[in-house]
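Chemist: First, the structure itself, so that you have it in front of you.
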Amino acid sequence: MAVKVTCIIPSKQLEDAQTNQYIATNSKTMIDKVTVTNTTAAAVTFSCNLVPEGGSVADTNAVIKTKSVAAGETYVCPELVGHVLEPGDAISMIASAADSLTIRASGREVT
């Protein structure tokens, strides 16, 4: 078994449409850290789902629902730390305003 520590979501602006930010490929992935930074002058909300392979975003796979991030704040997502994605599973996120939140995630891919 090989473990690769990696940036699973490089820094990027979060979309205002539900978007898969990361899909586990041929390995299991453990989420170690996710940060969401509000780069605007107003509060912005976001939601995050861990979607199983072949599934879709639903309340049954919501992990963070409409979390408000204050202007200039960085939110470290403790709700996501330690979750394991099976091959084909996805991290899907949405913001209430486009180009307002910068996200980044690190984890371990196990093959």
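Chemist: State all residues of region 1-22 that are at pLDDT 95 or above and small (Gly, Ala, Ser); if no residue qualifies, say none. Steps first, please.
Modeler: At the first step, the residues of region 1-22 found to be at pLDDT 95 or above are 5-22.
Correct list: SER11, ALA17.
Chemist: Search region 74-92 for residues that are on the phi < 0 side of the Ramachandran plot and pair each with any residue that is modelled with pLDDT under 95 and part of a strand (DSSP E or B) when their beta-carbon atoms are under 9 Å apart and the residues are at least 6 apart or on different chains.
Modeler: Pairs found: VAL84/VAL110.
Chemist: Do we have any residue at all in region 47-65 that's farther than 13 Å from SER92 by Cβ and part of a strand (DSSP E or B)?
Modeler: Checked against the condition, which is being farther than 13 Å from SER92 by Cβ and part of a strand (DSSP E or B), region 47-65 yields no hits at all.
Chemist: If you take the residues in region 65-84 that are closer than 14 Å to ILE103 by Cα and either modelled with pLDDT under 95 or among the aliphatic types (A, V, I, L, M) (or both), which one is surrounded by the fewest Cβ atoms within 10 Å (Cβ to Cβ)?
Modeler: VAL76
Chemist: Something else: Being assigned to a loop (DSSP other than H, G, I, E, B) and in contact with a Leu (Cβ under 9 Å, 6 or more places away or on another chain) is the filter; apply it to region 1-26 and report the residue that is farthest from ALA95 (Cα to Cα).
Modeler: Of region 1-26, the ones assigned to a loop (DSSP other than H, G, I, E, B) are 1-2, 14-18, 24-26.
Filter again for in contact with a Leu (Cβ under 9 Å, 6 or more places away or on another chain), leaving 14, 24.
Working: LEU14: 6, ALA24: 22 Å.
Among them, the one singled out is ALA24.
Chemist: Next question, about the same structure. Residues of region 3-51 being of a type in the set (A, V, I, L, M), surrounded by 13 or more Cβ atoms within 10 Å (Cβ to Cβ) and touching a residue at least 60 places away in the same chain (Cβ under 8 Å), which ones? Let's see the steps before the verdict.
Modeler: Restricting attention to region 3-51, the residues satisfying the condition of being of a type in the set (A, V, I, L, M) are 3, 5, 8-9, 14, 17, 23-24, 30-31, 34, 36, 41-44, 50-51.
With the extra rule that they be surrounded by 13 or more Cβ atoms within 10 Å (Cβ to Cβ), the set shrinks to 8-9, 14, 23-24, 30-31, 34, 36, 43-44, 50-51.
Across region 3-51, the qualifying residues are ILE8, ILE9, LEU14, ILE23, ALA24, MET30, ILE31, VAL34, VAL36.
Chemist: So which residues in region 2-19 are farther than 15 Å from VAL36 by Cα and charged (D, E, K, R), if there are any at all?
Modeler: LYS4
Chemist: What number of residues in region 91-111 are surrounded by fewer than 22 Cβ atoms within 10 Å (Cβ to Cβ), in contact with an Asp or Glu (Cβ under 8 Å, 6 or more places away or on another chain) and part of a strand (DSSP E or B)?
Modeler: Of the residues in region 91-111, 3 are surrounded by fewer than 22 Cβ atoms within 10 Å (Cβ to Cβ), in contact with an Asp or Glu (Cβ under 8 Å, 6 or more places away or on another chain) and part of a strand (DSSP E or B).
The values are calculated or read from the model by the stated rules, or taken from the named source; none is laboratory data. Everything quoted here is computed from the prediction, not taken from an experiment. Here Cβ is always computed from backbone atoms with ideal geometry, including for glycine, and neighbour counts include all displayed protein chains.
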